[in-house]
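The values are calculated or read from the model by the stated rules, or taken from the named source; none is laboratory data. All values reported here derive from a predicted model rather than from experimental measurement. So basically every Cβ, Gly included, is an ideal-geometry build from the backbone, and we count neighbours across all protein chains shown. Note: areas computed on protein heavy atoms with side chains; ligands, DNA, RNA excluded. Shrake-Rupley method; radii C 1.70, N 1.55, O 1.52, S 1.80 Å.
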Amino acid sequence: MCPLVSLRRTAIVLCAVAPIFFPWFAVSAQFANVSPTPPMGWNSWNHFGEKVNDADVRAAADAIVASGMRDAGYIYVNIDDTWEGKRDAQGNIHANSKFPDMKALADYVHSKGLKFGIYSAPGPKTCGGYEGSYGHEQQDANTYAKWGVDYLKYDLCSYESIMDMWDLNHPEKPVSVMEQDKALAMMQHAYSKMYQALLKTNRPIVYSLCQYGLGSVWQWGSQVGGNLWRTTDDIRDNYRSMSLIGFSQSGLEKFAGPGHWNDPDMLETGNGGMTPDQYRTQMSLWAILAAPLLAGNDLSKMDATTKSILMNKEVIAVDQDKLGIQGSRVAAPQIWIKPLTGGAKAVAIFNYVTDDEAEPTTLRLKDVGFSGPVHARDLWAHKDLGILHDSYTVTVPQGGVVMLRLWK
Ligand code: GLA
């Protein structure tokens, strides 16, 4: 049984629970096509946090077009937490003063050929303490549809206290298995409830579950309507956080596929806390994982390196490959592969140790399911490597990656 208690901000939860049944709803396939490949775009949280406002989002939309990111596939412009204002007498949610006219903002984003995303929570409050959707699910879904929302991130936060799973005053209090099962069922019901509300709007809306991997969400996320689900607690802009999250995704590959993706959280590229090699590691690993690619930096101030990482079209093509297969770790220490359309494979060789001298690493073709000869291309050097026979030896920079495409 996967422990469900007191996990917030304390642990990465990668464990299995018994199969779960959902008597209270029938999954509709209506929105199965909204994310045939992992969603790509931008989200305000990692850089702007609680300060984000209308002007920042417009600037992000402008920059995503001007930089070429839209044409590279980054389509969603998503506002995270802190847009929420008060409810009126009829219970309708309004944005706060940072967002004077949400419909006009959505129209602006749409006018650029982009899609518009928003954030809410199943509990009474969001993580930032703003108004959540508890008890107003259908009303909020209708409001989002009226505004022109195309993507909803739904963040557990205060719903945890409704599940009564942890007592802030007594975090050490043991919780019985029966209580855990009840809490899990409540959480699934809450996510399903918003999904049903979104369906009723008849507007296709990508549904992003954010509950940090609790209760092995990858086993049931698609059954409550999720197109993607966060698998861990929040990413931070440092190598330790990013690599712990990224490399811990091994084993989750069987739960992802077109329309339903594991989400190891957003990109940090361009935020300044990692080296270019480390940011290339995140981009490569996320692509191998078929993870959503949501940039989290200030798009209006990107240097050439940041652009070259976020807009490496050869790496993006790995992430967006139509087969939608999440890659896996196949050889020590960190050699990962992702099967691609037409029998090709993406191979990433990571040097995840940051404090040793980089030494040559040898990739043996048989470890990645090939017997030579194979064609090889280096996806960061943008260079054909010719034909490989048995192996390929390369020195991978510390904290960095060499990423190849191999094909017969
Ligand atoms: C949680 C989520 C983050 C972000 C913040 C906003 O921590 O995991 O991704 O949405 O809430 O308050």
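Restricting the calculation to Cα positions, tell me the Rg (one decimal) and the Dmax (whole number) of region 250-408 in Å.
Reported Rg and Dmax, both Å: 15.1, 46.
Please identify, among Val177, Val149, Val396, the residue showing maximal mean-square fluctuation in a Gaussian network model of the chain using a 10 angstrom Cα cutoff.
Val177
Simple spin-label model, 7 Å along Cα-to-Cβ: Lys322 to Trp407 in nm?
1.3
Give, as a single signed number, the net charge of other residues whose beta carbon lies under 10 Å from the beta carbon of His375, with Lys and Arg counted +1 and Asp and Glu -1.
Surrounding charge for His375 is +2.
Net charge around Met194, counting only other residues with Cβ within less than 13 Å of its Cβ (Lys, Arg = +1; Asp, Glu = -1)?
0
Multiply the residue gap between Gln398 and Asn92 by 0.36 nm, knock off their C-alpha separation, and tell me the result in nm, one decimal place.
Going from the current span to full extension adds 105.0 nm.
If R0 is 41 Å, what FRET efficiency do you get for Asp181 and Val65 from their C-beta distance, rounded to 0.05?
0.30
Around Leu385, which amide H atoms from residues at least 5 apart in sequence, or from another chain, sit under 5 Å from its own amide H, with H modelled in the peptide plane?
Placed amide hydrogens put Ala376, Arg377, Asp378 under 5 Å from Leu385.
Quick query: amide H of Leu363 versus all other amide H atoms, modeled in the peptide plane; which residues come in under 5 Å with a sequence gap of 5 or more or a different chain?
Tyr392, Thr393, Val394
Cα axis of helix 177-201 to longest principal axis of the chain: angle in degrees, 0 to 90, nearest 10?
So the inclination is approximately 80 degrees.
By how many degrees, 0 to 90 and rounded to 10, does the Cα axis of helix 54-66 deviate from the longest principal axis of the chain?
The angle comes out at about 30 degrees.
Could you give the Stokes-Einstein D for region 60-131 in µm² per second, using the C-alpha Kirkwood radius, 4 °C, 1.567 mPa s?
The diffusion coefficient I find is 96 µm²/s.
Can you give the helix-only mean residue ellipticity at 222 nm for the chain, where every DSSP H stretch with n ≥ 4 adds -39500 (n - 2.57) and the sum goes over all residues, rounded to the nearest 500 deg cm²/dmol?
Using -39500 (n - 2.57) per qualifying helix, the result is -7500 deg cm²/dmol.
Can you give the FRET efficiency to the nearest 0.05 for Ser300 and His382, using r as the Cβ-Cβ distance and R₀ = 22 Å?
Efficiency computed from Cβ-Cβ geometry: 0.25.
Name the residues whose placed amide hydrogens come within less than 5 Å of the amide hydrogen of Gly117, ignoring near sequence neighbours (fewer than 5 apart) on the same chain.
Under 5 Å from the amide H of Gly117: Val77, Asn78, Ile79, Asp150.
Taking the Cβ of Gln282 as the centre, find all other residues whose Cβ is under 11 Å away and add up their charges (Lys, Arg: +1; Asp, Glu: -1).
-3
Viscosity 0.890 mPa s, temperature 25 °C: what is the translational diffusion coefficient of the chain from Stokes-Einstein with a Kirkwood Rh over Cα pairs, rounded to a whole number of µm²/s?
112
Keeping the other protein chains in place, figure out the carbon and sulfur percent of the accessible area of the chain, with a 1.4 Å probe.
The value for the chain is 53 percent carbon and sulfur by accessible area.
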